[in-house]
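Coordinate-derived values only; no laboratory data. Predicted model only: the values in this text are computed from it and were never measured. Using ideal geometry, Cβ is built from the backbone for each residue, glycine included, and neighbour counts are taken over all protein chains shown.
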Amino acid sequence: MKKFIFLICCLFLLPHFLTAQTITSPDGNFQMVFRLNEEGTPTYSLTYKGKTVIQESRLGFLIKSGYAFDHNFMITDSQIRESDTIWKPVLGEYREIRDHHNELFIALKQEQTDWLLNLRFRLFNDGLGFRYEFPIQSGLRHFVIEEEETEFRLTGDHLAFWQPADYDTNEYELSTSKLSEVKDLREVVCSEPLAAQSPTERLAVQTPLLMKTKDGLYIHLHEASLVNYAGMHLNLDDSQFILSSHLTPDRNGDRGYIQTNSTSPWRTIIVSDDARDILASTLILNLNEPCKIEDPSWIKPCKYVGVWWEYFTGGPSTWAYTDYQDIRIGETDYSQLKCNGHHGANTQHVKDYIDFAAKHGFDAVLVEGWNEGWEDNWAYHKEVIYSWTRAYPDFDVEELHRYAQSKNVKLIMHHETTSAVTEYERRMHEAFQFMKDNGYDAVKTGYVGPIIPRSEYHDGQWMVNHYNRVAETAAQYQIMVDSHEAVRPTGYSRTYPNWIAQESARGTEFESFRGNHPDHTTILPFTRLKGGPMDYTPGIFEGDLSVYGGKTAKVSTTLAKQLALYVTMYSPLQMAADLKENYEKYPDAFQFIKDVALDWDNSYFLEAEPGDYITIARKAKGKDEWFVGAITDEKARTANIDLSFLPAGKRYVATIYADGRNASWNKNPKSYTIRSRKVTSKTRLQVALAPGGGAAISIRPVK
């Protein structure tokens, strides 16, 4: 009788036992537990080397209008599998990337509705990715998300490296504080003059978000494969230290229009007790779909100069051809208007940059301000501003095509939209065909100002689809895309590697406004750059903008640190951003920019602490050459550079570009030294870094 009662109890409790599922990472360091709680709500928790990273956290959705799709679930199926593959990125920090993970698939049914929801978890040696999947079903075809209810329940008041959430910009200064201090500091940051004004919750922060726990764990939160979905921010309950997803809405408050047979992006959690592992993680790339371009051989790394920085220095150059303001695109005869005499994108000036690029081995020249419409460049009011096929009278498209081709140099097109996105989409094919007809194979797109139509935000679902559509359409024309002011990247450059770079953070241009703090570039590789390469536009040699007679801003780095950024800020698209005259003044330092590679066989993360310092070495793809970049914040320090990554038994020459003895970012930024010495894999270099300084090293075989 007792055995019979025990058997009945076991059968009754079996469904509850089956709600808990556990998977571990291939190396055994991570453990993830999934279960349905007493309310039938899906939850997960995560540990790393026995330490709790994420406490039991809820998953689910609130569906418009007010329906809770987050409880009363039952498990209908679960599967565990292992996957271990190798893939090769078209361009990247590594020649090969290993995708080794254990996967847990959970199929759920909500009891009162019979609606279906699937969850997929992948646990790698560097962290966890999970997503929602909406299977085809008879009872639910489409719905509107009121909010996604993903939680990240933290274990305490972690140190955070964060930006305030904003639906329209990623270009805030990076802040470092405890989570409990975010609320007060956020009010200060959001009051800065350059802050956007979209009405985000006052306790929300952006992803990527990096945190450090009191016991030395680094935790990175972001998302991967953002497709047909709104960008995710994070709300913060700073009393219980709970982060929860906050999707970018449209201005009607709707956060996503979903049809079944689709998925959400992956929610990503990268964790390590060594900061270098955060930099080395490939988890976000691994969670994206493989390359969809059948033959990507036309996608090449690109080192470029351009008619760009002169617009920011306070000097005389302008984007606009004339000072006349009452312009009507498509109706104005620009040949009848007088040039203001300061227009930067004129034929002869561009030819000078083509000559400079050819002389120094650069691939391309970017030209901004070439096209009609810059006179009324007021992004907050106009709906149609530019032409993307008609040049100003002093910019000869055909002659520059011929001239650049004769010098074996490409021109990079610029498509500023001032967020008149519907107009850009209507004319995108025409604009790309114009590019192909005139020898352009790369475009820099821009989205300054509020989105038009005005019911959308930069990070909302509609605009996410637009950015992806631009990359996909450009691929049809074999055009590479460098997008500015777009939603922060989530590894989609694996799927469309012609999306060669993005800005999507505070780049060098802000040095001309009021500067970036010296620790800025010691944080970005831990946050923004985990989603994909950044067009940061380094290489500013003249950091005192007062010499141009306009602005008084100063660049927040030494000259040597500007060189190091070509290694520490990964991108296959790199600009030598300064005026060509400044490179001619310092040809010995300029040599490093000319030499440094853009595409890599391997990367070695030698030293790292977010907000303080980074030292990275990289091997040039297909070459017996290495390049090293070391940077620091406002504090002077010594970089300890272990060259054991070099092949044993071979001798090399290291050319070391370092800060001068009396260098500093704010008092003597142009003090630098260059020296060479023989090195081997047994060499240990110690290089002094000045406040706000850095060092760059090129390593080649002894001839």
Next on the checklist: For a protection proxy built on the mean count of beta-carbon atoms within 10 angstrom, sort 688-697, 337-346, 224-233 highest first, please.
Outcome noted: 688-697, 224-233, 337-346
Checklist entry - If you take the beta carbon distance between Cys190 and Asp624 as r and set R0 to 35 Å, what does 1/(1 + (r/R0)^6) give as a FRET efficiency, to the nearest 0.05? => result 0.10
Checklist outcome for this item: Here the gain from full extension of Asp437 to Ser297, 0.36 nm per residue of separation minus their alpha-carbon distance, amounts to 48.4 nm
Checklist outcome for this item: Treating only Lys and Arg (+1) and Asp and Glu (-1) as charged, each at its beta carbon, one finds that the stretch 557-663 has a dipole about its Cα centre, in Debye to the nearest 20, of 280 debye
Checklist entry - So what is the relative contact order of the stretch 225-354, in percent, for Cα pairs below 8 Å that sit 6 or more residues apart? => result 17 percent
Item to check | Taking the stretch 597-671 and dividing mean pair separation by its residue count, relative contact order in percent (alpha carbons under 8 Å, at least six apart) | outcome: 21 percent
Item to check | Label-point separation, Glu398 to Ser455 (7 Å along Cα→Cβ), nm | outcome: 4.5 nm
Checklist outcome for this item: Note: Ser177 to Ser681 extended length (0.36 nm per residue) minus current alpha-carbon separation gives 177.5 nm
Checklist entry - Label-point separation (nm) for Val33 and Lys703, each offset 7 Å from Cα along Cα-to-Cβ? => result 6.4 nm
Checklist outcome for this item: Relative contact order as a percentage, the chain, C-alpha pairs under 8 Å and 6+ apart, gives 11 percent
Checklist entry - Counting only the backbone N, which residues of the stretch 682-703 are under 13 Å from the spot 7 Å out from the Cα of Arg651 toward its beta-carbon? => result 701-703
Item to check | Sum of -39500 (n - 2.57) over DSSP H runs of 4+, divided by residues of the chain (222 nm, nearest 500) | outcome: -5000 deg cm²/dmol
Checklist entry - In the neighborhood of Leu59, defined by Cβ-to-Cβ distances under 14 Å, what is the net charge if each Lys or Arg adds +1 and each Asp or Glu adds -1? => result -2
Checklist outcome for this item: Sorted on mean Cβ neighbours within 10 Å (highest first), peptides 670-680, 619-629, 535-545 come out as 535-545, 619-629, 670-680
Next on the checklist: Calculate the FRET efficiency for Asn662 and Asn640 from the Cβ-Cβ distance with a Förster distance of 22 Å, rounded to the nearest 0.05.
Outcome noted: 0.50
Checklist entry - Hey, what angle do you get for helix 347-360 against the long axis of the chain, alpha-carbon based, 0 to 90 degrees rounded to 10? => result 80 degrees
Checklist entry - Once the piece of chain linking Asp77 and Val144 is laid out straight, how much longer is it, given 0.36 nm per residue of separation minus the C-alpha distance between them? => result 21.5 nm
Item to check | Given charges at beta-carbon only (K, R positive; D, E negative), |dipole| of the stretch 219-376 in Debye | outcome: 300 debye
Item to check | Spacing of the two label points (7 Å from each Cα toward its C-beta) at Ala20 and Val448, in nm | outcome: 5.8 nm
Item to check | For the stretch 20-31, 3J(HN,Hα) per residue [Karplus equation, 6.51 cos²θ - 1.76 cosθ + 1.60, θ = phi - 60°, Hz, x = Gly/Pro] | outcome: 9, 10, 10, 10, 10, 6, x, 8, x, 6, 9, 9
Next on the checklist: Sort 175-188, 322-335, 302-315 by packing, meaning the average of other beta carbons within 10 Å per residue, with the highest value first.
Outcome noted: 302-315, 175-188, 322-335
Item to check | Degrees between helix 559-568 axis and first principal axis of the chain (Cα, 0 to 90, nearest 10) | outcome: 40 degrees
Next on the checklist: Nothing charged except the Cβ atoms of Lys and Arg (+1) and of Asp and Glu (-1): what's the magnitude of the dipole of the chain about its Cα centre? Round to the nearest 20 debye.
Outcome noted: 2640 debye
Checklist entry - To the nearest 10 degrees, how steep is helix 2-17 against the longest Cα principal axis of the chain, on a 0 to 90 scale? => result 20 degrees
